[in-house]
1. Under the Karplus relation 6.51 cos²θ - 1.76 cosθ + 1.60, θ = phi - 60°, what is the ordered set of whole-Hz ³J(HN,Hα) values for the range 19-26, x standing for Gly and Pro?
2. Check which residues have an amide H placed less than 5 Å from residue 21's amide H, if you skip close sequence neighbours.
3. Kirkwood-based Rg over Rh for the range 190-295 (C-alpha set), two decimals?
4. From Cα coordinates alone, what are the radius of gyration and Dmax values for the chain in angstrom?
5. Just to confirm my numbers, what's the Cα centroid distance between the range 230-275 and the range 12-33 in Å?
6. Would you mind working out the magnitude of the charge dipole of the chain relative to its Cα centre, with +1 at each Lys and Arg C-beta and -1 at each Asp and Glu C-beta, to the nearest 20 Debye?
7. Kindly provide the helix-only [θ] at 222 nm of the chain, computed as the sum of -39,500 (n - 2.57) over DSSP H runs of four or more divided by all residues, to the nearest 500 deg cm²/dmol?
8. Order the peptides 159-168, 238-247, 135-144 from the highest to the lowest mean number of other Cβ atoms within 10 Å of their residues.
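Here, each number is a calculation from the coordinates, and none is a lab measurement. From a predicted model like this one, the values you see are computed outputs, not experimental measurements. Methodologically, a virtual Cβ is constructed for each residue, glycine included, from the backbone with ideal geometry; neighbour enumeration extends over all protein chains shown.
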Amino acid sequence: MIILTRRNGTRFGINPDLIERVDETPDTVVLLVTGSRYVVQETLDDVVLIMRQSRASVLTAADESGTAQPGARSSAGRVALRAVRGMGDCPMELAPSAGIIAVFGAVIASLVMEGASPTSIILIPPIILVFVGSIGAAVAGGFLSDVSAILKQTVKAFTTARPRSDEAVAELIALADIARREGLLALEEKARGAEDPFLREGLEMTVDGTDADEIYDVLAARIKTRRKADHLGIKFFADMGGYAPTIGIIGTVIGLIHVLSNLDSPEELGQLIAGAFVATLWGVMSANVMWLPLSSKLKRISEAEVAHLEMVLEGIMSIQAGTSPRVVEKRLRAVIAGDAPLQDAA
């Protein structure tokens, strides 16, 4: 219990675990999770100091009685000081590069086994037509301002691995433990130190005493916006996968026109016809080896990251509701278990 003073001078005790927030309006108003409110003589800083002293005395008593595990307190604090690094601190993802290299390797091996030279498909005109034409057609279907976002999405496809949800769960549990022991106001410092904007925004609104429905609406809107932004890159590469084969056929038609204009040179017809079909080869190969796989990869990344954000949102809402760390862990583990196939595929 903590002892506070009413405006009429009488003193009373409050269970600090029931305090939802403390406002200065300019009077100091203590709001409880039960809906009760008390106007007290102490300032906001005084109430916070009294709560911290109360928490410290409880922890000291627990340590002296031997019920506290050695190092558990400091360990939880260290964990909570770290931001959720689920999406920004991942190693380079090798799957796209490895897959593309493997397919091109198989194509080169097939050419060699057939007795052809790998350089026979390296013809600059059809390559320029297919790649530049596919990119141009995809850009034409959007806004010019989308190009910078597409470049970022391309880098993301090759560098982003699946989120580290296990680490995020451990950190959210530690934050829930601190909130449970010291109150939501104790998370203010952790919110300022959080590197992840999503987690920081959720903790700041929680500390400020924002209504749970408002917190959910704001963070859910952030997730929805993230999903829409990810869809831009997914659609762009899917469109390129559709345009590339057709543009390759255009290149083949152009080559055949050139062949028909050289019928008076029979000795060159074979080489010209082969060159004409190189455009079709690059159109089909680029679509099915590069553009469509990149679109699928970005879709997987988006699904995994959205699932990760939804898990963090669940953790923030549980912390705001004062849920025990053990229950928070069960909820978040259940979310991870439900998204396990998605995480493995990402």
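1. Here the 3J(HN,Hα) series is 6, 8, 6, 10, 10, 10, 10, x Hz.
2. Correct list: 31.
3. That ratio equals 1.47.
4. Calculated on Cα positions, Rg and Dmax stand at 30.4, 112 Å.
5. Between the Cα centres of the range 230-275 and the range 12-33 lies a distance of 73 Å.
6. So the magnitude is around 460 debye.
7. -23000 deg cm²/dmol
8. The peptides rank, most packed first, as 238-247, 159-168, 135-144.
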